[in-house]
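What follows is a short report on a single structure.
A short reminder: the numbers here are calculations on the coordinates, not readings from a lab. No experiment lies behind these values; they were computed from the predicted model shown. Don't worry about glycine lacking a Cβ; one is built from the backbone with ideal geometry, like all the others, and counts go over all protein chains shown.
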Amino acid sequence: MTRPARGLPAQSRSPLVDVHTHVVPKGWPDLAAACGGSGWPWLRVDSERAAMIMVGETEFRPVGAECWDAPTRLADMAADGVDVQVVSPTPVFFSYDRPADQAVKVARIFNDLTLGVTAAGGERLVPFCQVPLQDPDAACAELDRCLAAGHVGVEIGNHVGDRDLDDDGIVDFLTHCAEVDAPVFVHPWDMPGGPRLDRWMARWLTGMPAETHLSVLAMILGGVFDRVPETLRICFAHGGGSFPFWLGRADNAWHRRGDLVRGASSAAPSSYVDRFCVDSVVFEPAALRLLVDTMGEDRVLVGSDYPYPLGERPVGEVVRKADFLTADQRDKLLSRNALRFLHG
């Protein structure tokens, strides 16, 4: 099943597709009443254009109108020259640690609200859904429901508790994504904490890259890429974390300590880089050069992490200013690779 590509305006400059943005809809119900359980996130509305995501009585993240208001989002896109955004959930709402029936309910609530946000942007805002990944059958069912309703793909967290992406149930879900032609965006979440990580935003600065690196390795060494259809389209956030920088170390370990490292993989880690994509949220030209050299010019897609403060603004700036890219390579990173990821 191949869905038609959402349109890009005719223009002289290279169009720009941003595959990594997030949404926080307004107006969700009391989740304890709607889903059961307790301790759910809720939105403390501070003004018409400002709010705070709360978890219990703890402030989790300040958010603004760009999270829920399509005109604000579209104005920011115009300022940055962005033609299309992929709009994905904010991971705090994944709810993988809850009973599956509660996670199903919260997924349906946020998935339906997200369609309300993206509908106001027409084909320029491309919705991705969330699923109750702790229950693969329920996850497949919710993905199918969302695709029928207008979502184009799915964002998943990089693990479910101690189950990484090589877990049999998660592999079944990824196989289903390939079968129904749904692109998958993998976002790190639920990073370890503790005194050494709970300062300086260290969980985001070190934990996120490590989490993504670990889950790419799980896909490779856990034999996932040897098991799922080659048609699976999957992209990892934040430049693939630390994986591209340490790919040589992984290959060296695979060859020298194959007794421990090879796992279920049939080839060295570098043999699998053509099976997945990464976004470009690495901020510096030198890091982007390493990313393109490691992953290849067909496997890097512009992403920004909009609208959060650790994201890239103006969106795509590191790609547009990278003097080592040819015009054709730049066009691939700005749009063509993303359109292939989205639509095959």
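A compact table of results
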{"read-out": "Most mobile listed residue (GLY116, GLY27, GLY150) in the chain, GNM with C-alpha springs under 10 Å", "value": "GLY27"}
{"read-out": "Solution diffusion estimate, µm²/s, Stokes-Einstein, region 100-163, Kirkwood Rh from C-alpha pairs, 25 °C, viscosity 0.890 mPa s", "value": "204"}
{"read-out": "Region 242-311-region 65-104 distance, computed between alpha-carbon centres (Å)", "value": "25"}
{"read-out": "Top positive-direction residue, dipole computed over region 235-330 with Cβ charges, set PHE324, GLY248, GLY263", "value": "GLY263"}
{"read-out": "Exposure proxy order (Cβ contacts within 10 Å, fewest to most) of ASP97, ASP331, ASP323", "value": "ASP323, ASP97, ASP331"}
{"read-out": "Mean residue ellipticity (222 nm) of the chain, computed from DSSP H runs ≥ 4 via -39,500 (n - 2.57), nearest 500", "value": "-10000 deg cm²/dmol"}
{"read-out": "Packing-based exposure ordering (other Cβ within 10 Å, fewest first) of HIS255, HIS238", "value": "HIS255, HIS238"}
{"read-out": "Candidates LYS26, LYS321, LYS105: whichever shows maximal mean-square fluctuation once the chain is modelled as a Gaussian network with Cα springs under 10 Å", "value": "LYS321"}
{"read-out": "Check: region 175-251 dipole with +1 on Lys, Arg Cβ and -1 on Asp, Glu Cβ, in debye", "value": "380"}
{"read-out": "DSSP bridge pairs, the chain: antiparallel proportion in percent, nearest 5", "value": "35"}
{"read-out": "Cβ-based exposure ranking for LEU221, LEU214, LEU301, in which fewest neighbours within 10 Å come first", "value": "LEU214, LEU221, LEU301"}
{"read-out": "19 Å tail of the calculated P(r), region 142-271, as % of Cα pairs", "value": "53"}
{"read-out": "For region 11-71, Kirkwood radius (reciprocal of mean inverse C-alpha pair distance, Å)", "value": "13.7"}
{"read-out": "Solitary cysteines of the chain, where the nearest other Cys Cβ is not under 4.7 Å", "value": "CYS35, CYS67, CYS140, CYS177"}
{"read-out": "Binned Cα-Cα distance frequencies in the chain - 20 Å width, integer %", "value": "31, 61, 7"}
{"read-out": "P(r) of region 124-208 over all Cα-Cα pairs, binned every 10 Å from zero, in whole percent", "value": "17, 43, 25, 14, 1"}
{"read-out": "Long-range HN-HN contacts of ARG61 with modeled amide H, under 5 Å", "value": "ILE53"}
{"read-out": "Per residue, the convex hull volume that the Cα atoms of region 38-189 enclose (Å³)", "value": "117"}
{"read-out": "Hull volume in cubic angstrom per residue (convex hull over the Cα atoms of region 62-124)", "value": "91"}
